[in-house]
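Taking it in order: structure first as structure tokens, then the write-up.
The values are calculated or read from the model by the stated rules, or taken from the named source; none is laboratory data. Here the structure is a predicted model, which means the values were calculated and not measured. Neighbour counts are summed over all protein chains in view; Cβ atoms, including those assigned to glycine, are modelled from backbone coordinates with ideal geometry.
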Amino acid sequence: GQSLEQPSEVTAVEGAIVQINCTYQTSGFYGLSWYQQHDGGAPTFLSYNALDGLEETGRFSSFLSRSDSYGYLLLQELQMKDSASYFCAVSRDDKIIFGKGTRLHILP
Amino acid sequence: NAGVTQTPKFQVLKTGQSMTLQCAQDMNHNSMYWYRQDPGMGLRLIYYSASEGTTDKGEVPNGYNVSRLNKREFSLRLESAAPSQTSVYFCASTLGGGETQYFGPGTRLLVL
């Protein structure tokens, strides 16, 4: 089976850096993805790690370590508009399984 | 290029009624998915279709049926709605392999 664990909530200050962790238990997968969802909206794709290491896209970076069954999303220079829920997801055999999401609260 | 579209946006049903949620994508994607999202539960996969003509069950298929009508369209049917099916339903598509999913705007369903 597959399960992903991520913190339910994280709070950070505007302008700071925050890391959202994701640990997983799965028998094998192609890659780890991250999605952002604002209240009332649909999830939107942020990043994908097919290989171990760091992927950087602007203020967002994502990391994967298959040996540790662990990944994280790093958000830098936090802005109020980054207040949202963030989901990690694993893809395998045309299926994508999502974690329960982390609600990011940003304080001014 | 509209991406992924869903109809309707909102629906209220009475217990026992049936309805079909429609989804279409214009990105020539091979794979399409239906999820439901409940507070604190994340996105749970109901059914998916890896290619035209194939469908497979996800985590929570009970009470639902799907049809991959053609490459563009993937519908979700509730034959006899129950209050436990009150949720937000998202359709999504990928080119293949699942790296990047594109989501529709969602359908908010209330079953009384």
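Just a few scattered comments:
- Total residues in the range B:72-112 satisfying the condition of being outside any strand (DSSP E or B), in contact with a Ser or Thr (Cβ under 8 Å, 6 or more places away or on another chain) and more than 9 Å from chain A (Cβ to nearest Cβ): the figure is 7.
- Within the range B:94-112, residues that are within 13 Å of B:V4 (Cβ to Cβ) have Cβ atoms under 6 Å from residues that are among the small types (G, A, S) and modelled with pLDDT of 85 or more in these pairs: B:T94/B:S31; B:Q101/B:A92; B:Y102/B:G3; B:Y102/B:S93; B:F103/A:A42; B:F103/B:A92; B:P105/A:A42; B:G106/A:A42, counting only partners at least 6 apart in sequence or on another chain.
- In the range B:1-21, the residues that are closer than 14 Å to B:Y64 by Cβ and outside any loop (DSSP other than H, G, I, E, B): B:L13, B:M19, B:T20, B:L21
- Inspection of the range A:77-87 identifies no residue that is within 16 Å of the chain's Cα centre (by Cα) and surrounded by fewer than 16 Cβ atoms within 10 Å (Cβ to Cβ).
- Which numbered condition B:S67 misses (of (1) closer than 29 Å to A:T102 by Cα; (2) in a strand (DSSP E or B)): (1)
- Subset of the range A:28-51 [assigned to a strand (DSSP E or B) and closer than 30 Å to B:F10 by Cβ]: A:S33, A:W34, A:Y35, A:Q36, A:Q37, A:T44, A:F45, A:L46
- Among the residues of the range B:22-36, at least one is out of contact with any strand residue (DSSP E or B) (no Cβ under 9 Å at 6 or more places or on another chain), in contact (Cβ under 8 Å) with a residue 24 or more places away in the chain, within 28 Å of B:N1 (Cα to Cα) and more than 10 Å from chain A (Cβ to nearest Cβ).
- Of all residues in the range B:50-62 being of a type in the set (G, A, S) and in contact with a Ser or Thr (Cβ under 8 Å, 6 or more places away or on another chain), the one that is nearest to A:R103 (Cα to Cα): B:A50
- Those residues of the range B:86-104 which are crowded, with 21+ Cβ neighbours inside 10 Å and not hydrophobic (A, V, I, L, M, F, W, C), in sequence order: B:S87, B:Y89, B:S93, B:T94, B:G98, B:Q101, B:G104
- Count of the range B:62-93 residues which are touching a residue at least 60 places away in the same chain (Cβ under 8 Å), aliphatic (A, V, I, L, M) and more than 27 Å from A:S47 (Cβ to Cβ): 3
- Odd one out for B:Y48, checked against (1) within 10 Å of chain A (Cβ to nearest Cβ); (2) surrounded by fewer than 21 Cβ atoms within 10 Å (Cβ to Cβ): (2)
- Qualifying residue in the range B:27-49 (condition: over 19 Å from A:D94 (Cβ atoms), in contact with a Ser or Thr (Cβ under 7 Å, 6 or more places away or on another chain) and assigned to a loop (DSSP other than H, G, I, E, B)): no
- Residue selected from the range B:1-45 under the condition out of contact with any Leu (no Cβ under 8 Å at 6 or more places or on another chain) and charged (D, E, K, R), by the criterion surrounded by the fewest Cβ atoms within 10 Å (Cβ to Cβ): B:K9
- Taking the range A:52-108 as the region of interest, the strands (runs of 3 or more DSSP E) fully inside it that hold 2 or more residues being touching a residue at least 24 places away in the same chain (Cβ under 8 Å) are A:60-65, A:70-75, A:84-92, A:95-98, A:102-107.
- Residue that is farthest from the chain's Cα centre (by Cα), among those in the range B:51-64 that are more than 12 Å from every other protein chain (Cβ to nearest Cβ) and either assigned to a strand (DSSP E or B) or of a type in the set (D, E, K, R) (or both): B:E52
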